[in-house]
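Participant: Supplied in C-alpha cells, the structure appears directly below.
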Amino acid sequence: MKKGKTVSALLSCQQVNIQNEPPSYQEATAGYEEMQAQFSWDDQTIRRTFIRKVYAILMVQLFVTVAIVALFTFCAPARFFIQTNPSLYMASYLTFFATYIALSCCGDLRRQVPWNIILLVVFTLSMAFMMGFVSSFYNTKSVVLCLGITAIVCFSVTVFSFQSKVDVTSCQGVLFSLCVVMLLCAIMLSIVVPFGYVPWLHAIYAVLGAILFTLFLAFDTQMLLGNKRYAISPEEYVFATLSIYLDIIYLFSFLLQITGGGRD
C-alpha cells in the first residue's frame with residue numbers, strides 16, 4: 001500500500017511539474033507569424049491608399065497645368081495679355097515661392113486640413129501660370145512636343161520605379177553631386193549672360209537639368225512606393241504630391257529649353 005501511494009504521489013508531482021513548465025518556443029510564437037502577416041497586410045493597404053491619393057491629386061494638378069499652358073499657347077489674346085503684363089509673372093512667382101516654403105518647412109501646416117489643400121491649390125495655380133507664361137514665348141509645335149516627351153519620360157520612370165530592383169533612394173550622393181554641378185553652371189550662366197548668349201552652354205545646362213529631375217522623379221516615386229531603403233510617411237501625401245509635381249514641371253521646362261523654338 002505504501003509503495004502504491006508513493007508511486008501515485010510521484011506521478012502527481014510530475015503532472016504538477018509538467019503543468020508549471022514554461023511553454024515551448026513553438027507554442028509561444030504560434031500566433032506571431034499570423035500577427036506579423038496581419039500587420040504587413042495592414043501596412044500594404046495603407047501604402048496603396050496613400051499612393052492612390054497622391055496620384056489622384058497629381059493628376060488634377062497636371063490637368064490644371066496643361067489646361068493653362070494650352071490657353072496661353074493656342075489662344076492669341078491670352079498670350080498677348082500675359083506677354084504684355086510681366087508683373088503677373090512676378091506676382092505668381094512670389095506666390096509660388098511663399099506657398100512652397102510654407103508646405104516644405106511647416107510640417108504641421110501641410111498635415112492640417114483644409115489649410116494644406118488651400119496652399120496646394122494656390123501653389124498649383126501659381127506654378128501653372130508661370131509655366132503658361134514661359135510656354136507663350138515658344139512656338140506651338142515645341143510646346144506640344146515637349147509635353148509629349150515629358151509624358152513618355154514620366155510613364156517610363158514610373159514603370160521603372162515600380163518594377164526595378166535598383167534602389168534610387170540610396171543614391172543621394174549622386175543627386176547631390178549633380179545639384180552642385182547645376183549650381184556651378186547657373187553661376188557661370190549668370191556671369192556669361194551679360195556679355196552675350198552662349199547656345200552650347202545653355203544647352204549643357206538644360207540637358208543636365210533634364211537628367212537631374214528625371215533622377216529626382218525616380219527617387220521621389222520610389223520614396224512614395226516605400227519598398228526601398230528610404231520611404232516617405234503615408235501622412236505626407238501633400239509633400240509627396242508636391243515633390244513629384246515639381247519634378248515633372250522642371251523636367252518639362254528643361255526639355256522646352258533643349259528642343260523648344262522661339263515663337264515668330
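Quick note: the coordinates plus some simple rules give every number you see, no bench work behind them. From a predicted model like this one, the values you see are computed outputs, not experimental measurements. For neighbour counting, all protein chains shown are included, and Cβ atoms are generated from backbone atoms with ideal geometry for every residue, glycine included.
Participant: By counting other Cβ atoms within 10 Å of each Cβ, how are Trp200, Trp115 ranked from fewest to most? The partial results should precede the final answer.
Facilitator: Details: Trp200 7, Trp115 16.
Listing Trp200, Trp115 from fewest to most nearby Cβ atoms yields Trp200, Trp115.
Participant: Among 72-78, 250-256, what's the highest-first ranking by average C-beta atoms within 10 angstrom per residue?
Facilitator: Values: 72-78: 14.9, 250-256: 22.6.
By packing density, highest mean first, the sequence is 250-256, 72-78.
Participant: Along Cα→Cβ, 7 Å out, is where each label goes; now give me the distance between the ones at Arg47 and Leu109 in nm to one decimal.
Facilitator: For the pair Arg47/Leu109, the computed spacing is 3.1 nm.
Participant: How big is the equivalent ellipsoid of the stretch 51-259 along its three axes, where each semi-axis is √(5λ) from the Cα gyration tensor, reported in whole Å from largest to smallest? Don't skip to the answer; put the middle values down first.
Facilitator: Values: eigenvalues 148, 101, 59 Å².
That gives 27, 22, 17 Å for the three semi-axes.
Participant: If we sort 187-193, 153-159 on the protection proxy, mean other Cβ atoms within 10 Å, highest first, what's the order?
Facilitator: Details: 187-193: 11.7, 153-159: 16.1.
Highest-to-lowest ranking by the protection proxy: 153-159, 187-193.
Participant: Starting from the amide H of Tyr138, placed 1.01 Å from N in the peptide plane, find each other amide H under 5 Å away whose residue is 5 or more places distant or on another chain.
Facilitator: The list, which skips near neighbours in sequence, is Arg263.
Participant: Give me Arg229, Arg111 ranked fewest to most by other Cβ atoms within 10 Å of their Cβ, as a rough exposure proxy. Write out the running numbers ahead of the final one.
Facilitator: Details: Arg229 11, Arg111 15.
By the 10 Å Cβ count, ascending, the order reads Arg229, Arg111.
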